[in-house]
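Comments concern the structure below.
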Amino acid sequence: MGMMAEFKEFAMRGSVVDLAVGVVIGGAFGKIVSSLVDGIIMPLVAVITGGVNVSDWSTTLKPAVLGPDGKEVAAAVVLKYGSFFQSIVDFLIVAFVIFLAVKALNSLRRKQAEVPPAAPAPEIVLLTEIRDLLKKN
């Protein structure tokens, strides 16, 4: 089998296609969550904290060094924990939604497992009885 034929067989397998669809939907969902956090949640946090933009939260560990001409010689060393906090909120929202999706899938699987199997066809029951009688004799 040629390399192209093997690749086509691999790529057309259901699990690979499902994975590709999941990655595309996940990327789109990530953008939606980022928009939610940036546009709705963080402004509410800013109002609660007195109008401070959360993404601007930072601590300067070492200030910038200026030369005699007033130009910056060495950049400031800044710990930007606000954007980190914003990323944590993004992650928690995505993780919570994934948790809800997995919980819903598990619920559906449990419901399917609880459904009793269909009664066997009359022919199967008859053949089983014949087999059991032959075993006795």
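The values are calculated or read from the model by the stated rules, or taken from the named source; none is laboratory data. Predicted model only: the values in this text are computed from it and were never measured. Don't worry about glycine lacking a Cβ; one is built from the backbone with ideal geometry, like all the others, and counts go over all protein chains shown. Side chains included, ligands, DNA and RNA excluded: accessible areas come from the protein's heavy atoms. Shrake-Rupley method; radii C 1.70, N 1.55, O 1.52, S 1.80 Å.
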* To do: Among what's in segment 1-55 and is among the acidic types (Asp, Glu) and closer than 27 Å to Val97 by Cβ, pick the residue that is least open to solvent (accessible area, probe 1.4 Å).
  => Asp38
* Asked: Going through segment 59-85 one residue at a time, which ones are closer than 30 Å to Gly27 by Cβ and either open to solvent by less than 100 Å² (accessible area, probe 1.4 Å) or in contact with a strand residue (DSSP E or B) (Cβ under 8 Å, 6 or more places away or on another chain) (or both)?
  -> Val78, Leu79, Tyr81, Gly82, Ser83, Phe85
* Structure fact -> If we take segment 1-79, then strands (runs of 3 or more DSSP E) inside it with 1 or more residues that are polar (S, T, N, Q) are 59-62
* Residue check, Ser58 in contact (Cβ under 8 Å) with a residue 24 or more places away in the chain and farther than 23 Å from Val94 by Cβ -> yes
* Structure fact -> Sole miss for Leu134 among (1) open to solvent by less than 90 Å² (accessible area, probe 1.4 Å); (2) at pLDDT 85 or above; (3) in a helix (DSSP H, G or I) is condition (1)
* Might you let me know whether segment 86-100 holds any residue that is exposed (fewer than 13 other Cβ atoms within 10 Å of the Cβ), in a helix (DSSP H, G or I) and acidic (Asp, Glu)? => no
* Give the residues of segment 44-69 that are more than 21 Å from Ser87 (Cβ to Cβ) and either of a type in the set (Val, Ile, Thr) or modelled with pLDDT of 85 or more (or both), sorted by residue number. => Lys62, Pro63, Ala64, Val65, Leu66, Gly67, Pro68, Asp69
* Since Ser83 meets every condition but one in (1) assigned to a loop (DSSP other than H, G, I, E, B); (2) within 37 Å of the chain's Cα centre (by Cα), which condition does it not meet? -> (1)
* Structure fact -> In segment 50-74, anything out of contact with any Phe, Trp or Tyr (no Cβ under 8 Å at 6 or more places or on another chain) and under 30 Å from Gly39 (Cβ atoms) is listed as Gly50, Gly51, Val52, Asn53, Ser55, Asp56, Thr60
